[in-house]
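What follows is calculated from the coordinates using simple rules that are stated; it is not laboratory data. Remember, it's a predicted structure, so these values are computed and weren't measured experimentally. Note that we place each Cβ from the backbone using ideal geometry, even for glycine, and neighbour counts take in every protein chain shown.
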Amino acid sequence: MTLHTLTTSIARGIAAVCAAGFVVSAHAAERTPPGTSQVGVCICDTPGFCETTTGAVCSNLTCFYPPAVGQPCNDGNACTTNDQCNSHRQCVGTPISCTNPGMCETSAGASCSNGSCTYAAAIGQSCDDGNPNTINDACTSSKQCVGTPIPTPTTPPPTAWPTPSPPPTVTATPTNTATGTATWMPTNTATLIPTPTQTATTTPTVTFTTTTTPMSSPSGTPMATPTPTKRASSTPTIPSTVPVTLTPTSTPKLCVGDCSGDGQVTVNELIEMVNIALGSADVSTCLAGDANGDGEITVNEIVTGVNNALNGCPAT
């Protein structure tokens with residue numbers, strides 16, 4: 001048998017093996033002598049997408065490659081990861097999970113595009129805008145955290161008090177009060193022993209006019225000339241004037257507005273006077289505010305109280 005005949009027989013045998021479905025290694029072609037034709041030889045070393053040469057078979061000079069299950073691949077989708085071949089020779093990846101929203105975003109309805117997740121605005125969701133002067137921070141449709149400014153406390157305006165005016169001038173009229181007791185003696189000599197009392201701011205001299213009757217106690221009026229008379233047969237001699245020295249006693253001056261009587265006028269006492277003047281309080285709560293004793297408090301009395309608060313109560 002010549003070499004050409006042997007080579008042809010081997011090639012036909014290999015073709016028969018491929019036709020029977022057996023795998024033929026590329027080494028068979030390598031053993032083919034140079035210059036010989038490889039027509040009819042099945043060499044399975046060019047698998048397709050998601051195919052593998054491992055386990056490939058040849059039938060009717062056609063190679064059949066099994067799927068490369070688990071083999072890394074690229075499904076062309078940027079929104080998937082870990083792309084792998086499956087048993088259907090398909091490249092399938094795991095979709096990117098859009099579950100990591102940012103501030104004022106929500107994963108509800110999130111979608112992926114070009115490998116990036118797009119999240120919807122979490123409108124009304126509680127947040128923190130980082131401003132200590134706001135409250136009720138919430139997300140807006142533009143994915144911003146906005147709070148409501150804390151209201152600034154309103155300071156009430158200061159109470160406007162009436163402009164103090166000079167207190168009214170009060171002229172005191174001293175009142176002299178004196179009493180006297182006259183005793184008629186049997187010697188026809190009448191002795192008048194006055195017992196005067198006086199309330200005044202001065203020291204006046206008072207002269208009594210007395211009509212005497214035996215064993216009687218007449219009362220005298222200051223600044224009069226006495227004309228004594230009696231029913232006895234004799235006319236007693238009675239001094240025409242009886243000098244009386246009165247010791248005055250001073251009445252403490254009223255401090256208008258000093259409701260508590262502690263010698264000073266406070267703001268609370270002024271407010272109490274205003275309440276009485278407006279009719280929201282009874283005058284009995286501050287009798288010192290009713291200077292003229294008419295049962296009510298007037299503006300002039302309030303002004304006097306203000307002056308006493310500013311300048312102090314008058315000296316007693």
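For region 300-316, enumerate the residues that are of a type in the set (A, V, I, L, M, F, W, C) and exposed (fewer than 12 other Cβ atoms within 10 Å of the Cβ).
Selection gives L310, A315.
Can you find, within region 93-142, the residue that is farthest from P72 (Cα to Cα) among those that are among the small types (G, A, S) and outside any strand (DSSP E or B)? Please lay out each step first, then the result.
First pass over region 93-142, keeping only residues among the small types (G, A, S): 93, 97, 102, 107-111, 113, 115-116, 120-122, 124, 126, 130, 138, 141-142.
From what's left, outside any strand (DSSP E or B): 97, 102, 115, 122, 124, 130, 141-142.
On the way: S97: 20, G102: 32, G115: 18, A122: 38, G124: 44, G130: 47, S141: 41, S142: 41 Å.
By that ranking, first place goes to G130.
Can you name every one of the strands (runs of 3 or more DSSP E) wholly within region 50-91 that holds 1 or more residues which are under 30 Å from N114 (Cα atoms) and of a type in the set (S, T, Y)?
80-85
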